[in-house]
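Heads up, the thing below is written out as structure tokens.
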Amino acid sequence: MHQGGHLRGDTTRTKGVRDLNRKLGILVAALMLVGVSCTGAGPTPSAEAVELTLWHNYGTEANATATENLVAAFEAKNPTIKINVVSQPADNYFDLLQAAAIAKTGPDLATQWTGLFDLKYQDYLEPLNSYMSVDELKKLKGIEYSSLNFNPDDGVLVVPLEVQFYNGFFNRDLFTTAGLNPDAFPTNWDELFAACDKLKAAGITPFVYGTGGQALGGGFYPWYDFSYLMMIYSPDDWKNLYTGATAYTDPAIEAQVSRWASLFTKGCTNQDVLTNQDSVAQFIAGEAAMTMEGTWAIAQFEQEMGDTVDVFVPPFTPDTIKGIVEYSGDGFSMTTYSKHKDAAAAFLAFMASDEAQPIVAQSGLIPAKNGFSTDSRMAKKLLSYAAEQGFTRYPMIDNVIQPEVSDDGTKGLNAAFGGAMQVSEAMSNMQSTLQALPAERRGDKYQ
């Protein structure tokens, strides 16, 4: 979910700076532009006009709608603050953000992915603990993955916008046409390949892959799938991929990736997976039975396909799948070079407020704050897997492995999936990239 080279951050982000400003920061937070006044009467707006710039890379998906709606609500409460929203291209967003950070010409607020993505760029992300209540930030799901060393007390870098899922979508009508029960979705590899055979026999393309709704590169984004491939391990055991205790060349991993790549070789996918730019439109048009996306696509699919579309948990495991990717995958950060940090922090505090959560939900997303939910049919179904059916929650695997490894993996996994590279070579390249990193970036502390 990113582009660009690594910026080595000071992962010992000193407590001294935070402590020096903490008392002043807490006072600022109490009187913040969106904060509640001492009497609880409402916001205390700035008397001086302030103009902020916000960058995002959401395109036209539901996250962009939520961002625009949050900004509009914030500005209505704070008429002296103007936020200029700039939509940047997704495929080189982080290159642009990094270059702007070096020149100190970038935005005050920026979309940032969580996990190791925000640690990668931490040199230009302002820790928020001195600007707002950490106890309030801890009410946001997944806040640990938005923090230094995945610990909010060490410094929160990102205010999550939403709870995201990596998941699949399928066309119930096409399943029925192929003689498949849409209420009994496959739960493992064998059942999935059997379903693919029935769909093909009915003249239906089982899967469509391509750049997808997020358009994160020249081909499909393989980490949606890889997150489920690695559910042969527990979430805690994923740390072994970070440290190298489990090698990417492990036979169990190569076997999983080989099964996944055989979706292509067995004709269960479109044959232009590496170049297809129209996967979302093709799925909506009924040209394929399944596609891999995430919750950012729910609003569009529900609007354009109605009850025909449904969600599934990718059954990319030998045994019955019992895990699901449920994670606060993105949000907004304040840049270290912002000239209006109090105003920028005020917007982030508004994002984390109770008032903002219905705005997020009405935009088609799942609010990140505990105690808030969604009316979306498909989002509720996804939430039910862990909350009611005992599925294990996993983070997004591309957010908890080193960015260099995920960069290399994006190339290699795509090539292996499309038949342009042997699976063993792709996994060997990922392992070599991991081993080439400094030892401290393969240790017990995330950085």
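Values as computed for the structure displayed
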{"read-out": "For the stretch 158-274, convex hull volume per residue from C-alpha positions, Å³", "value": "153"}
{"read-out": "Dipole moment magnitude, nearest 20 debye, the chain about Cα centre, only Lys, Arg, Asp, Glu C-beta charged", "value": "780"}
{"read-out": "Point-charge dipole on Cβ atoms (K/R +1, D/E -1) for the stretch 167-257, about Cα centre, debye to 20", "value": "280"}
{"read-out": "Where N is the number of residues in the stretch 396-444, Cα Rg divided by 2.2 N^0.38 Å", "value": "1.17"}
{"read-out": "Förster-model FRET efficiency, 25 Å R0, T249 and D272, C-beta, rounded to 0.05", "value": "0.30"}
{"read-out": "Highest average packing first - 422-428, 203-209, Cβ atoms within 10 Å", "value": "203-209, 422-428"}
{"read-out": "Percent breakdown of C-alpha pair distances by 10 Å bin, ordered from the shortest bin, for the stretch 48-172", "value": "11, 37, 40, 10, 2, 0"}
{"read-out": "Percent breakdown of C-alpha pair distances by 10 Å bin, ordered from the shortest bin, for the stretch 327-401", "value": "16, 38, 33, 12, 2"}
{"read-out": "Magnitude of the charge dipole, the stretch 99-236, Cβ model with Lys/Arg +1 and Asp/Glu -1, debye to 20", "value": "420"}
{"read-out": "Cross-link partners of K369 among lysines (Cα-Cα below 20 Å; sequence separation of 8 or more within a chain)", "value": "K138, K139, K141, K380, K381"}
{"read-out": "Label point distance in nm, T60-D135, each placed 7 Å from Cα along Cα→Cβ", "value": "4.5"}
{"read-out": "Isotropic mean projected area of the C-alpha convex hull, the chain (nm²)", "value": "20.2"}
{"read-out": "T105/N240 FRET efficiency (R0 41 Å; Cβ-Cβ; nearest 0.05)", "value": "0.50"}
{"read-out": "Antiparallel bridge percentage (DSSP; both residues within the stretch 49-175; nearest 5)", "value": "10"}
{"read-out": "For the stretch 126-222, convex hull volume per residue from C-alpha positions, Å³", "value": "162"}
{"read-out": "Farthest positive-ward along the stretch 313-447 dipole, Cα basis, beta-carbon charges - from Q357, Q435, N399", "value": "Q357"}
{"read-out": "Where N is the number of residues in the stretch 346-389, Cα Rg divided by 2.2 N^0.38 Å", "value": "1.24"}
{"read-out": "Accessible surface, the stretch 47-157, averaged per residue in Å² (probe 1.4 Å)", "value": "35"}
{"read-out": "Value in Å of the Kirkwood radius, where the stretch 250-335 supplies the Cα pairs that are averaged", "value": "15.7"}
{"read-out": "The stretch 365-441 - convex hull of the alpha-carbon atoms, volume per residue in Å³", "value": "162"}
{"read-out": "Long-range amide H partners of I366 with built H, under 5 Å", "value": "V163"}
{"read-out": "Cross-link partners of K198 among lysines (Cα-Cα below 25 Å; sequence separation of 8 or more within a chain)", "value": "K266, K322"}
{"read-out": "Fully extended contour minus Cα-Cα distance, from D444 to K200, at 0.36 nm per residue", "value": "83.2 nm"}
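The values are calculated or read from the model by the stated rules, or taken from the named source; none is laboratory data. No experiment lies behind these values; they were computed from the predicted model shown. Heads up, the Cβs are rebuilt from the backbone with ideal geometry, glycines too, and the neighbour counts pull from every protein chain shown. Note: accessible area is taken over every heavy atom of the protein model, side chains too, but ligands, DNA and RNA are not part of it. Shrake-Rupley method; radii C 1.70, N 1.55, O 1.52, S 1.80 Å.
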